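Written out below as structure tokens is the structure these notes cover.
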Amino acid sequence: MEAYLLNLVILISIYSTLAVTLNFIMGYAGIYSLAHAVFFGVGAYAGTFMAMHFNASIFITIPVAMLAGAVLSLILALPALRVRGEYFVAASLGLQVLAVTIFSEWKAVTGGIGGLIGIPPLDILGLEVFKPSQFIFVTVGVLVIVLIIINRLVHSSFGRSLRAIRDSESAAAAFGKNVPLIKTISVVISSALTAVAGVLYASYLSFINVESFMLDTSVLIMAMVIIGGTGTQAGPIVGAALLLILPSIISYLDFLPQTEIGSIQQIIYGLGMALLMIYRPGGIVGRKKQSEAGKE
Amino acid sequence: MLALQLMITGLQTGALYALTAVGFSLIFGSTRIFHFAHGATFIIAAYLFYFVNVSGFGVTLGVIAATAGAIVFGLLLNRFVYVPIQRDEGSFFTVFVASFGIGIVIQNVVGMIFGRGYVTVQTPLSFSVELMDGLYVSPLAWISMLCAAIFFGILWCFLKYSNLGLSLRALADNPDLVRVFGLNPRFISSCAFTIGSILVVPAAIISGATTGLNPAMGHHVMLISLAATIVGGIGSVAGTLLAGLALGLAESLALLYVDSQWTEAVTFAILFLFIIVRPSGLLGRSAAH
Amino acid sequence: MVSSSTDTQEVLMEIRNVDKAFGGVKAVDNVSMDLRAGIITTLVGPNGAGKTTLFNLITGELTKDSGTIKWLGQPINRIKPFKAARAGILRTFQDLRLFNEMSVEENVLTSVEANSVPAPMTKSQRTARSEKVEYALNRAGLFSKRNIRAKDLAYAERKFLSMARVMATDARLWLLDEPASGLDPNSYEKFLEILREEVKQGVTVCIIEHNLDIVIGISDRIAFLDRGKLLADDEPQTVLNDPELRAIYFGERT
């Protein structure tokens, strides 16, 4: 039971990091990405590559992973964010599909479909962290750091610009905000932080393959943010916890077909997303729908 | 000969892509609803046809069931999801997420009923005929192209000559016209969903008989639809048609140079190139805000 | 055109032969006019005359088909909206476009911070910034509501917040798109007072307005647009007494 709980908390903190970083662009900048799992994967593969071939120190693996995530997101964001929001959805969906092919084909780095095994534990100043009872401090610690960084960003003038863009892009531009630049920077920051979660994930499981970084994962992370509450601080964490506990709850309910847990989980959160959008777009943590104010 | 073979396959794929994408483009253009569940409409039509067919009711009933299923799904979604959302706020985000959520539900419900693996519909038309030395073409290729020609012919007449069609086109050009012309937006959007959903049906049925079906295909359908809409130019039905055809051809001809797992990468490359070089698309106007 | 007293003012913005067509319709048709420093120029004309389109062309929200616009002597023909703002040209929107989910104070703060990426600030810059925000909030009568979300304000308050966002900045030219429409008499008296006060302090204003009382009350100069064409650009009395223009102007109401 203790091992089960430890594992659950570690996974929740890793997925919370992913949800929090996605929420940063979705909730505060109004950018909808279907490629979040790509940057998660790029972080995992880049970190693993460094750890297996050069050095497992987190002071090497994490910066390299962040750089890889940042550069890739820059290539995507620079052109796609100059134009309307729909273009980014389309471009990110395309990138996600392309990335799965690359993750399965680039055997030298990703190990192909079979993936990579024997990924070294995290090396923090010579200390090897692999026991779940130690690892939990790292993942929760990283989550807290990411939360602090994003919280500070959101409440800085940069964050104000982001929120202004979300509320009215044309008004933000009319008051001197370089909208494409601000959006691009936010995507790059978000992707770099996402890559950190990838490093932790790979090292924790000591095994990764493409299945963790497919479209389903991007969708899962998006569902976590939306169900928890877009643009709120606690929402993504609540969403991540809820959706990761969901399979266990389903498995307690004997009347449901146990071979279909994955599908039932997806049906529940798919339905949850649609219903929330109709009745409570702010998510569980967010404000109730206000149908009167704010119409323009 | 290989190039010719691929060209014909490409036209077949492209014709089906064009039909599907124009369906999405028409809905998006005239209602501004980012109908991500368009992929789910495809899945519903395809599996209904498959189900009716394997149950032994034959092709005609299958086609009727698929068409009815697609239309009913599109209309229900519009009535019970999009309309309530748009009544209050209707931002791009809420509509997109709700649509996306419904897509996930359909994918998994279909997966639970029919399994997550590939299924194919066996028809006598699936078998390829050797036209020339080394050139194999299944009758379905001709049927796809004929279907596309007929559907687009009807759509063209409809958009050009009927009042309703004119309103749809006017809306795609300028969404604010609803108010100006005093059109009934509810009625217009129901029409857009009906037509858009019907356009998916040929592709859904023929795909079942050629490449096979899989509940997760909806995302592929959406990628193609989005790519064709953007490459063709948002709001331009003709542009989307051309782009869909071009994407199908490009995917197929790319096989001369790369393995089949890279075909979707070709779509992405074309989409990305357009976003960089010509964001307004082939026939679109400015893509700025 | 007859010379008039405002002709002597320095020209801030020079608009020459500007055209813009949508589809086949000319929304702005060969418009040439000057915006002169320190005065209020009012754009009047029936709906669809091209007034807002002209604003959009000035700030770069739309691209001109042809013609030139000069700002402080420099051509700004392909300017982007955010650069226009940084050059000192600010505008309001007919539909306000407030930052709805943000507080009243944040709305004003955002408009003061014209940079995209935060730059470190000295203490005196920080004080200057909060003074500007406080000033604008006080002028607009919103100081006590500064922590309320913009979307929760009443209609008139929202209009004043839209003004406060402009007032807090150092912009030289304000393009105001129907800022007083729908205000009750009390509120628009207050609005006129604010506007006169700001112009006295050196701001130049170009305003789109329908209400004749307001037009008469504030205009130093009136530019009359109809179907994209500039029919007059002169002293208020000259324009308002022109029988032809009066016919177009009042014709719209019936």
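Just so it is clear, none of the values below were taken in a lab; they were calculated from the coordinates. Treat the numbers as computed from the prediction; the structure is a model and nothing was measured. Here Cβ is always computed from backbone atoms with ideal geometry, including for glycine, and neighbour counts include all displayed protein chains.
Relative to the longest principal axis of the C-alpha atoms of chain B, give the angle of the C-alpha long axis of helix B:217-232, reported between 0 and 90° and rounded to the nearest 10°. With rounding to tens, the tilt is 70 degrees. Extension gain for the segment A:V144 to A:L275, taken as residue separation times 0.36 nm less the Cα-Cα distance, is 44.1 nm to one decimal. Averaged over the residues of B:263-272, the number of partner chain Cβ atoms lying within 10 Å of the residue Cβ comes to 5. Exposure proxy ranking for B:I198, A:I31, A:I226, A:I75, based on other Cβ atoms within 10 angstrom of each Cβ and starting from the fewest, stands as A:I75, B:I198, A:I31, A:I226.
Taken along the Cα-to-beta-carbon direction at a fixed 7 Å, the label points for A:E105 and C:Y155 span 6.0 nm. Counting only lysines at least 8 places from C:K151 when in the same chain, those with an alpha carbon closer than 16 Å to its own are A:K288, A:K289, A:K295, C:K159.
Given the options C:A164, C:A84, C:A223, which has the most mean-square fluctuation in a GNM of chain C, springs set between C-alpha atoms less than 10 angstrom apart? In this elastic network of chain C, the residue with the biggest mean-square fluctuation among C:A164, C:A84, C:A223 is C:A84.
DSSP H helices in chain A with Cα extent of 27 Å or more along the helix axis and mean Kyte-Doolittle hydropathy at least 0.0?
The answer, listed by residue number, is A:2-29, A:58-80, A:85-105, A:132-154, A:179-205.
Based on alpha-carbon centroids, what's the gap between the range B:224-261 and the range C:130-182 in Å, whole number please? Spelled out, the Cα-based centre of one part sits 49 Å from the other. Counting only the Cα atoms, the protein assembly as shown fills a convex hull of 181 Å³ per residue.
Highest mobility in the GNM of chain C, judged by mean-square fluctuation with C-alpha springs under 10 Å and restricted to C:T42, C:T110, C:T127, is found for C:T127. Across chain A, Cα pairs under 8 Å and at least six residues apart give a relative contact order of 31 percent.
Angle of helix B:139-161 to the longest C-alpha principal axis of chain B, folded into 0 to 90 degrees and rounded to 10: 20°. Would you mind checking the tilt of helix C:123-139 against the longest principal axis of the Cα atoms of chain C, expressed as 0 to 90 degrees and rounded to 10? In chain C, helix C:123-139 runs at an angle near 60 degrees to the longest axis. In the range C:100-170, Cα pairs under 8 Å separated by at least six residues give a relative contact order of 52 percent.
Springs between alpha-carbon atoms under 10 Å, Gaussian network over chain C: tell me which of C:A156, C:A168, C:A140 tops the mean-square fluctuations. Largest GNM mean-square fluctuation: C:A156.
Calculated mean residue ellipticity, 222 nm, chain B: -23500 deg cm²/dmol, from DSSP H runs (n ≥ 4) at -39500 (n - 2.57) each, averaged per residue and rounded to 500. Where the alpha-carbon atoms of the range C:100-170 are placed on the principal axes, they occupy 36, 22, 19 Å, in descending order. Rounded to the nearest 0.05, the FRET efficiency derived from the C-beta distance between C:S181 and C:A119 at R0 = 41 Å is 0.65. Counting only DSSP beta bridges whose two residues both lie in the protein assembly as shown, roughly 65 percent are antiparallel.
The relative contact order of chain C, computed from alpha carbon pairs under 8 Å that lie at least 6 residues apart in sequence, is 28 percent. Among the residues of B:274-283, the average count of other protein chain beta-carbon atoms within 10 Å of the residue beta-carbon is 3.
Name the shape class, rounded, prolate or oblate, that the alpha-carbon gyration tensor gives for the range A:189-296, where a ≥ b ≥ c are the square roots of its eigenvalues, rounded holds for a/c under 1.5, and otherwise prolate holds if a/b is larger than b/c and oblate otherwise. Judged from the Cα gyration tensor, the range A:189-296 comes out oblate (a/c at least 1.5, b/c at or above a/b). In this Cβ point-charge picture (+1 for Lys and Arg, -1 for Asp and Glu), the protein assembly as shown has a dipole of about 660 debye about its Cα centre.
Using alpha carbons only, how many angstrom separate the centre of the range A:1-57 from the centre of the range A:169-207? Cα centroid of the range A:1-57 versus Cα centroid of the range A:169-207: 13 Å apart.
Averaged over the residues of peptide C:81-91, the number of Cβ atoms from other protein chains lying within 10 Å of each residue's Cβ is 4.
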